[in-house]
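A short reminder: the numbers here are calculations on the coordinates, not readings from a lab. Everything numeric here is computed off the predicted structure, so don't read it as measured data. Please note: Cβ atoms are built from the backbone with ideal geometry, for glycine as well, and neighbour counts cover all protein chains shown.
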Amino acid sequence: MVFWATALPVASAASLPRIVTLTPGIAEWTVEILGKAQALKELVGVSEYSNYPPELKKIAALSVVPRFSIERIASLKPTLIIASEDANRPEQVEKLRRLRLHVEVMPPEKFNGMEAWVRKLAGILNAPQGGRIAAKKWSDGIAELKRQSAHRVSEGGHPSEQVFIQVQGSPIVTVGGASFLSEALQAIGDHNIFSDLKEAYPKVSREAVLKRNPDRIWILDAAASTEEIRESWKKFSGLKAVAKDQIEVLSADDFARCSLRLLNALKRLH
Amino acid sequence: MKKKYWLAGLALLAAVAISLFLRLDFSNAALILRELRLPRALIAIGVGSALAVSGAVMQTVLSNPLAEPYTLGIASGAAFGAAIATTFGWKISFFGLNAGAVVGALAVLVLLLKLVVRGQGRQSDSMILLGIMLSLTCASGLAIWMALADPLGVQSINFWLLGDLSRVGLSTALALLGLSLVISGYFWFFSRKLDAFLFGEDWVEGFGVSYRQTQRIAILLISILVGFCVSAVGMIGFVGLIIPHLVRRHLRTSLHFHLIPLCFLWGAVALTLGDALAHSVSEPRELPVGALTSLVGAPVFIALFIRRRRGEI
């Protein structure tokens, strides 16, 4: 017995992959796919704001906005760097590759295509089994949300509400049609009032919000002075959201990433 | 002359009407007018008039037709001053306007004058070149400040720097308009002193006007006015350059008794119309009004620069 235990190939710290993730969403899914214990062994660097699970805060945090430090990443001696097509600059990714570092670039996260996205990440991480489980959790979560939404309609609730999501106070930044949050709202039977705008995070005027008169206003708490933003809407008593007292401050951590936490947060909202 | 005032007054009324009613959603009109469009129209009048009058007075007391808060780096100095004051939590404010901006504007203007006195004199283009250098220095300081700032706040800072009239409330708009009226009124009241500068530096004292004292007071008042304007709405370029030149052409005189009030009115017209365009042309988005004024102002600046080189102005 002792013989077999010692003869089994035990992965030493030196042979473990050294992974760097360049968006909080990728870090979160990496943990989901590899499992927390394994991921914490393999991750040597994560981008700033990677805070879920909380243990990620102990890993070297890399500032990536507006650009990341290539030297800092190289100093971590990573064997795999996972970047994002829409969140990281292509010229910086190219520089990493010129340093002969292994860089994989993930496509933008799409709410309706997350299973494929998760399986692709799992492939990069060489953990197909973990990927299948994580993708299943996602599709089950979506199915649950849709059931909940259908139940709400059958119970006589509003079939669809117009929602305005505010990401930043001044200028007012919202989510447009290219954001996964627009698709997420559709999944729960609601509608983003700025889904017709092509950008992911467009700037809009306050007057445009008044014109589109949303039923609900969601303020993501990443915005500075969230309470100030909430108060700034309250004086517009003609707004349906104000009249119905439907201005909510939501955790940006839950809503800024297309992760399982988003599904849970959406379930709680309805 | 009365006709010119009537024309400017009517143009201002028309500009305000456009700003208030262009593409207005009439189902929610009272609310939008009271809370959004009226403060915007008032701040546009306040800032437009302040910048145009500041430009006219600067061109006179510095004897340089290309002088204005933007080209001489005063606006950049004000923005940098406001940024530093915000970072270090120096909360000296006047109706929500940041006094750090006034200190920044004043510092740049005083430094510029010191450098020019040691250099080739006020008449030369060295003042503009030094102004541009100071502006670049302040812009670099701002860039460093932004690099160190919270990334989520950078977009907000960027939008403010490009000129944004949407964030100002009614009390701030009224305060700035009042300040613009008082300081412009002061310049108008002492317009004869300013007229003495038209005869050149050597002749000013001959009219019984103290060159240094008049210039210093003018610089201090302009710094206060421009500093508060920048703190409220960011950097809005070239209004202070174009309007005084257009008004002088229109008036066919540079005498300040008429130049100051007409610059006040036409500056207000220009920015009110510019802002109406900024908030309605690309709805539901909003354009930064400072970018629009610079788009129009930069070619005019080049044209004036060429004419000045040829000795035409």
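For chain B, evaluate the Debye formula with one uniform point scatterer on each Cα (no solvent term) and list log10 I(q)/I(0) at q = 0.09 Å⁻¹, rounded to two decimals.
-0.42
Among the complete DSSP H segments of chain B, which ones combine at least 27 Å of alpha-carbon extent along their axis with a mean Kyte-Doolittle hydropathy of -0.5 or more?
Counting only whole DSSP H runs, the qualifying helices are B:2-21, B:38-61, B:99-118, B:126-148, B:170-189, B:211-233, B:256-280, B:289-309.
State which entries of A:LYS110/A:LYS203; A:LYS136/A:LYS240; A:LYS110/A:LYS240; A:LYS240/A:LYS267; A:LYS211/A:LYS244; A:LYS203/A:LYS240 exceed 26 angstrom in Cα-Cα distance in the structure shown.
Cα-Cα > 26 Å for A:LYS136/A:LYS240; A:LYS110/A:LYS240; rest within.
What three numbers, in Å, describe the spread of the alpha carbons of segment B:215-256 along their principal axes, ordered from the longest?
34, 24, 9
State to the nearest 20 debye the size of the charge dipole of chain B about its Cα centre, where the only charges are +1 on K and R beta carbons and -1 on D and E beta carbons.
That gives chain B a dipole magnitude of about 720 debye.
Any chance you could list the semi-axes, whole Å, largest first, of the equivalent ellipsoid that the Cα gyration tensor gives for the protein assembly as shown, using √(5λ)?
Taking √(5λ) for each Cα gyration eigenvalue gives 55, 30, 17 Å.
Dipole of chain A, Cα-centred, from +1 at each Lys and Arg C-beta and -1 at each Asp and Glu C-beta, to the nearest 20 debye?
Here chain A has a charge dipole of around 460 debye.
Quick one: give the max-minus-min coordinate of the C-alpha atoms of segment B:9-63 along each principal axis, largest first, in Å.
On the principal axes, segment B:9-63 reaches 52, 21, 14 Å in Cα extent.
For segment A:60-208, rounded, prolate or oblate, judged on the Cα gyration tensor with a ≥ b ≥ c (square roots of eigenvalues), a/c < 1.5 rounded, else prolate if a/b > b/c?
Since a/c reaches 1.5 but b/c is at least a/b, the shape of segment A:60-208 is classed as oblate.
Restrict the search to segment A:57-129; then list the trypsin sites (Lys or Arg not before Pro) that DSSP places in a loop and that have at most 16 other Cβ atoms within 10 Å of their Cβ. Please report the intermediate quantities before stating the final value.
Details: sites: A:LYS57, A:LYS58, A:ARG67, A:ARG72, A:LYS95, A:ARG97, A:ARG98, A:ARG100, A:LYS110, A:ARG119, A:LYS120; in loops: A:ARG67, A:ARG100, A:LYS110.
Here the sparse-neighbourhood loop sites are A:ARG67, A:ARG100, A:LYS110.
How much space per residue, in cubic angstrom, does the convex hull of the C-alpha atoms of segment A:160-269 take up? Please list the in-between numbers first.
Numbers: hull volume 9.8 nm³, N = 110.
Looking at segment A:160-269, the number lands at 89 Å³ per residue.
Report, please, the projected area of segment B:191-250 averaged over directions, based on the convex hull of its C-alpha atoms, in nm². Walk me through the numbers before you get to the answer.
Numbers: hull surface 19.9 nm².
Dividing the Cα hull surface by four gives the mean projection, 5.0 nm².
Given the convex hull of the Cα atoms of segment A:67-124, what is a quarter of its surface area in nm²? Write out the running numbers ahead of the final one.
Numbers: hull surface 16.4 nm².
Over all viewing directions, segment A:67-124 projects a mean Cα-hull area of 4.1 nm².
Calculate how large, on average over all directions, the projected area of the Cα convex hull of chain A is; give the answer in nm² to one decimal.
It is 17.2 nm².
In whole angstrom, and with the biggest value first, how far do the Cα coordinates of segment A:2-106 range along each principal axis?
Extents along the principal axes: 53, 30, 21 Å.
Checking a compactness column here: for segment B:35-79, what do you get for Rg(Cα) / (2.2 N^0.38 Å), N being the number of residues? All intermediate terms of the calculation are to be shown ahead of the outcome.
Numbers: Rg = 12.8 Å, N = 45, 2.2 N^0.38 = 9.3 Å.
Cα Rg divided by the expected 2.2 N^0.38 Å: 1.37.
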